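The values are calculated or read from the model by the stated rules, or taken from the named source; none is laboratory data. Every value quoted in this text rests on a predicted model; they were computed, and no experiment measured them. Neighbour counts run over all protein chains shown; Cβ positions are idealised from the backbone, glycine included.
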Amino acid sequence: MSTTPGAAQAPDRVVALAAASINEVAPLEPKIVGTVMPVLELSMQPNEKVFAESGQMGWLSMAIQMETSMSAGGQQGGFMGAIGRAVAGGTLFMTEYTAIGGPGLLAFAAKLPGQILPLEIAPGQGYMCHRHGFMCATPGVQFSVGFQQRLGAGVFGGTGFTMQRLQGQGHAWVELHGEVVTYDLQAGNTLRIHPGHVGMFQESVQFSITSVPGIKNAFFGGSGLFLAALTGPGRVWLQSMSMQHLAHAIQEYLPKAS
């Protein structure tokens, strides 16, 4: 579902146009397979490359060669940049995948039910996504910490709130969880959102964490006193599910230590 405050849009068309744009200009041949738990398949020609966090790959053909390092995919920042990525919910090392000697197949599977979205990234046209959103990208895309703030033990188990930044030049794929709702915010238009539902937004959108006023909210609000404030101009993608909400929902059914 895609919505602009005050004017509705058709998100299926938005996603379809984004996918068509990627297929027209991307050197790879991406294909999103499935519905509830989608898979991203990349048909790679010889010497084509993508990079991802270590351990995120689903399956690959024999023609795909893997190389793991802190700077795979042309990532900048060296050791401190790698530490920053790890802090943002990623891994210390990145893996670069290259098709060698012939065409190859590389696949990434979604971690939770939801959608996989293709992005075309250019200078001044970057994105911020939730800490588990990044799937893979072509060399030239820079993956780093975009925002980090500790919100307290009542929110995200005390681990804090972190966003990943995707900048540079190239193509990337991200996963958003649950149903995805998009809003096009006009300049000065603000949405306040539970932090777990913030999926992704264009870097033109201003972002901050605000506290919920009022002592009653502290005891009865149930949302940890904190909301994310997104202010336009720009597009935001909200997700109906987060790993934190899922973990909380199933916590009472998990085995307890005796």
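Condition first: over 17 Å from residue 117 (Cα atoms), surrounded by fewer than 18 Cβ atoms within 10 Å (Cβ to Cβ) and at pLDDT 90 or above. Can you find one or more residues in the range 143-159 that meet it? No, the conditions are met nowhere in the range 143-159. Is it true that residue 171 is touching a helix residue (DSSP H, G or I) at 6+ places or on another chain (Cβ under 7 Å) and at pLDDT below 95? When the stated conditions are applied, residue 171 does not pass them.
If you go through the range 174-203 and keep only what is more than 23 Å from residue 241 (Cβ to Cβ), at pLDDT 95 or above and not in a strand (DSSP E or B), you end up with 186, 188, 189. Counting only residues that are not aliphatic (A, V, I, L, M) and not in a loop (DSSP other than H, G, I, E, B), the range 114-139 holds 10 of them.
Among the residues of this structure, residue 75 counts as one that is polar (S, T, N, Q) and buried (at least 17 other Cβ atoms within 10 Å of the Cβ). Considering (1) within 20 Å of the chain's Cα centre (by Cα); (2) modelled with pLDDT of 90 or more, the lone condition that residue 89 does not fulfil carries the number (2). Name every residue in the range 42-65 that is surrounded by 14 or more Cβ atoms within 10 Å (Cβ to Cβ) and closer than 12 Å to residue 96 by Cα, in order of residue number. 48, 49, 50, 51, 52, 53, 54, 56, 57, 64, 65 - these are the residues of the range 42-65 that are surrounded by 14 or more Cβ atoms within 10 Å (Cβ to Cβ) and closer than 12 Å to residue 96 by Cα.
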